[in-house]
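Chemist: Attaching a single structure in structure tokens format; questions to follow.
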Amino acid sequence: MKKIFVVIALSSVMFACNNKAKEEAALKQQEAEKQLAVKAVKDSLRLDSFKRAEVAKVEAEKEAKHQAELAAARAAGARSSRSSRSYASSGSSSGGSSSSYGGTQPTAKKKGWSDGAKGAVIGGAAGAVGGALIDKKKGRGAIIGGLVGAGGGYLIGRGEDRKSGRVQPKN
């Protein structure tokens, strides 16, 4: 009987030491994986910053070209208004030409629903159905669920709008 206890005690000590070595190896492996993940994130952020700089450069070039076109259009408008003044009254001719080229043109807005609006509608509908199913008083549950769902859906959709560039991201 004593021999059996001694064998069991020795084997448990051996297994305990062996498990610690395995645990340490697993911890080292996890640490190495974390290091690789951090490196991958840093590399992707660096690439993203290069892409953002490139996009900003292209946007600046487009804006410069647009400003040059506006200046040319203003110059052409000024020339045409000067020539038309000799044939027409100065009040009606100069007022019309300066207003057509005077300011910057508005940028084209994206058509359709934003992701924030879509998310609010979908979240509101899902929340209303869920609230009506959960609460014993169906009307109260539908109203509360709809409001909570619409708010959550809007926040998620607004985040998607920021990612897509429809809305300027927070700084």
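Readers should treat all values here as calculations from the given coordinates under stated rules, not as data from a laboratory. Remember, predicted model here, so these are calculated numbers, not experimental data. Backbone-built Cβ (ideal geometry, glycine too); neighbour counts: all protein chains shown.
Chemist: Which residues, counting only those in segment 127-139, are surrounded by 12 or more Cβ atoms within 10 Å (Cβ to Cβ), more than 20 Å from Tyr154 (Cβ to Cβ) and under 34 Å from the mean Cα position of the chain (by Cα)?
Modeler: Ala132, Ile134
Chemist: Ok, one more. State all residues of segment 114-152 that are closer than 28 Å to Arg52 by Cα and in a helix (DSSP H, G or I); if no residue qualifies, say none.
Modeler: Asp115, Gly116, Ala117, Lys118, Gly119
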